[in-house]
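This report concerns only the one structure given below.
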Amino acid sequence: MAKSYSFENQDMKQKLRNFGLSDTHIEEIAHLFDKNNKHMDAISFTIMLERYGLSRTNIISFMKDIGVDDSSIINIFTKADFVKLGMEDKEITQVVIT
């Protein structure tokens, strides 16, 4: 089952503004959330934030602020990288070294 994370629209806007995102990009993101019934998958959200110039460090900070756990963050970025490489239909395998 997919996990859901929630945050207030104004909180999101303020955090993104604090990370240096332009008001234009913030409003585009808010509009997409509104257009999609206040929902967006984490991978698309991450890719969009990266395209708008937000660093991965700031995206991770934002995700942790809303309660996303470390393993989910790793999976989101891994899948985002696969999407950006055009490999989203490929099987993704996790390797853990202990």
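How about region 51-62: which of its residues are free of Cβ contacts under 8 Å to residues at least 40 places away in the same chain, buried (at least 17 other Cβ atoms within 10 Å of the Cβ) and assigned to a helix (DSSP H, G or I)? Result: N58, I59, I60. Just for region 38-50: of the residues that are among the charged types (D, E, K, R) and within 11 Å of the chain's Cα centre (by Cα), which one is surrounded by the most Cβ atoms within 10 Å (Cβ to Cβ)? Of everything passing the filter in region 38-50, E50 is surrounded by the most Cβ atoms within 10 Å (Cβ to Cβ). For region 66-86, the tally of residues that are of a type in the set (A, V, I, L, M) and surrounded by 14 or more Cβ atoms within 10 Å (Cβ to Cβ) stands at 5. Residues of region 4-40 that are within 13 Å of M63 (Cα to Cα) and out of contact with any helix residue (DSSP H, G or I) (no Cβ under 6 Å at 6 or more places or on another chain): S4, Y5, S6, F7, D11, M12.
Residue under question is N36, and the condition is that it be of a type outside the set (D, E) and at pLDDT 90 or above; does it hold? It is false that N36 is of a type outside the set (D, E) and at pLDDT 90 or above. E27 falls short on exactly one of the conditions (1) surrounded by 11 or more Cβ atoms within 10 Å (Cβ to Cβ); (2) modelled with pLDDT under 90, and that condition is (2).
Among (1) at pLDDT 90 or above; (2) more than 19 Å from D11 (Cβ to Cβ), there is one condition K90 misses while meeting the rest; what is its number? K90 satisfies all of (1) at pLDDT 90 or above; (2) more than 19 Å from D11 (Cβ to Cβ) except (1).
Scanning region 1-20 for residues that are charged (D, E, K, R) and exposed (fewer than 11 other Cβ atoms within 10 Å of the Cβ), we see that the one that is nearest to the chain's Cα centre (by Cα) is K3.
The values are calculated or read from the model by the stated rules, or taken from the named source; none is laboratory data. Everything numeric here is computed off the predicted structure, so don't read it as measured data. Note that we place each Cβ from the backbone using ideal geometry, even for glycine, and neighbour counts take in every protein chain shown.
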